[in-house]
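Novice: Have a look at this one.
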Amino acid sequence: IVSVRADGSYYINLGKQPEQAIALSDIGTKVAAVIRRQPETPVLVWGDKNVPYGEVVTLMSVLQAAGAPSVGLVTDNPPVK
């Protein structure tokens, strides 16, 4: 799960520090590495309700460019507090 918070910060639920913000430019690199090892890994996006839709679309584009076979949207509460 990759999340974008209302303040524009990004987080990726991967590894030992899921609550550490990550630059958008680094998300594609990390996701691409996972997809190379496990091509069928599901990739999901959670966006705060106050995040402009365009930012969510940009994030989804980065994930698709990284090789994510599909990108879904999470509709529940945020994965990281």
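Novice: Would it be correct to say that L14 is surrounded by 15 or more Cβ atoms within 10 Å (Cβ to Cβ) and modelled with pLDDT under 90?
Specialist: Yes; evaluated as a whole, the condition is true for this residue.
Novice: Filter the range 1-24 for residues that are polar (S, T, N, Q) and within 23 Å of T75 (Cβ to Cβ) and give the result.
Specialist: S3, S9, N13
Novice: I would also like to ask the following. Let me spell it out: the conditions are (1) part of a helix (DSSP H, G or I); (2) farther than 13 Å from S9 by Cβ; (3) under 11 Å from the mean Cα position of the chain (by Cα), and V34 meets all of them except one. Which number is the exception?
Specialist: (3)
Novice: Restricting attention to the range 1-26, which residues are in contact with a strand residue (DSSP E or B) (Cβ under 6 Å, 6 or more places away or on another chain) and part of a helix (DSSP H, G or I)?
Specialist: Scanning the range 1-26 gives a single hit, L24.
Novice: Let me ask you something else. Mind counting the residues in the range 25-43 that are closer than 13 Å to V74 by Cβ and surrounded by fewer than 17 Cβ atoms within 10 Å (Cβ to Cβ)?
Specialist: Count: 1.
Novice: Just need a number here: residues in the range 45-59 that are in a strand (DSSP E or B), farther than 14 Å from D7 by Cα and out of contact with any helix residue (DSSP H, G or I) (no Cβ under 7 Å at 6 or more places or on another chain).
Specialist: 0
Novice: OK, next. Give me the pairs, please: first residue somewhere in the range 1-25 and farther than 21 Å from A65 by Cα, second residue anywhere and at pLDDT 90 or above and open to solvent by 60 Å² or more (accessible area, probe 1.4 Å), beta-carbon distance under 7 Å, and either six or more positions apart or on two chains.
Specialist: Listed by first residue and then by second, the contacts come to A6/N50.
Novice: Oh, and also: Please identify the pairs in which a residue from the range 61-75 that is surrounded by 14 or more Cβ atoms within 10 Å (Cβ to Cβ) has its Cβ atom under 8 Å from the Cβ atom of a residue that is hydroxyl-bearing (S, T, Y) and not in a strand (DSSP E or B), counting only partners at least 6 apart or on another chain.
Specialist: Taking only residues 6 or more apart or on different chains, the pairs are A66/T29; A68/T41.
Novice: Using the structure shown, decide if T58 is touching a Leu at 6+ places or on another chain (Cβ under 9 Å) and either among the acidic types (D, E) or open to solvent by 60 Å² or more (accessible area, probe 1.4 Å) (or both).
Specialist: Yes; evaluated as a whole, the condition is true for this residue.
The values are calculated or read from the model by the stated rules, or taken from the named source; none is laboratory data. This is a predicted model, so every value here is computed, not measured. We place every Cβ from the backbone using ideal geometry, glycine too, and count neighbours over all the protein chains shown. Remember, those area values only see protein heavy atoms, side chains included, never the ligands or the DNA or RNA. Shrake-Rupley method; radii C 1.70, N 1.55, O 1.52, S 1.80 Å.
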